[in-house]
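Asker: Just dropping this structure here.
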Amino acid sequence: MALTVYQLQYKRRMKKALALRARADRRARALTARLVATLADGTTAAAHIGRLNTLYGTVVSPRTDLLNGFSTAGTSAGLTSVAAASLDGTPAVVYVNIADGNGGAVLAGDADLD
């Protein structure tokens, strides 16, 4: 059975929206990995500064307020667990046979969807 222009418009718009969602997911994964690695570098730097403080008898703060806040909040562990629990990649898309709610006519153009 041939699809109406209304149904074809839905498929085209949904394909675009799903591609945008997949791109956002990929970017979130990449940024999460970078932030977790950066927080690990901050922990390493704090350990080095702590050791230097001990060796030289100085009192230099081992962490910045920002890295300390991330550490206290458990950001690294939280991000890692969320990323590990989420599905990797784009799930299979099953197009729903939508009814012709408006008799199969194309909806008006939409800058965000078209």
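Asker: Name the one entry in R12, R21, R51 that is part of a helix (DSSP H, G or I), over 20 Å from the mean Cα position of the chain (by Cα) and under 30 Å from A105 (Cα atoms).
Answerer: R12
Asker: Continuing with the same structure: Name the one entry in L31, L3, L35, L79 that is outside any loop (DSSP other than H, G, I, E, B) and free of Cβ contacts under 8 Å to residues at least 40 places away in the same chain.
Answerer: Going through L31, L3, L35, L79 in turn, the sole match is L31.
Asker: I would also like to ask the following. Yes or no: A40 under 25 Å from the mean Cα position of the chain (by Cα), small (G, A, S), at pLDDT 90 or above and not in a loop (DSSP other than H, G, I, E, B)?
Answerer: yes
Asker: While we're on this one: Do we have T32 as of a type in the set (V, I, T), farther than 30 Å from T80 by Cα and surrounded by 14 or more Cβ atoms within 10 Å (Cβ to Cβ) here?
Answerer: no
The values are calculated or read from the model by the stated rules, or taken from the named source; none is laboratory data. Please read these numbers as outputs of a predicted model, since none were measured by experiment. Neighbour counts run over all protein chains shown; Cβ positions are idealised from the backbone, glycine included.
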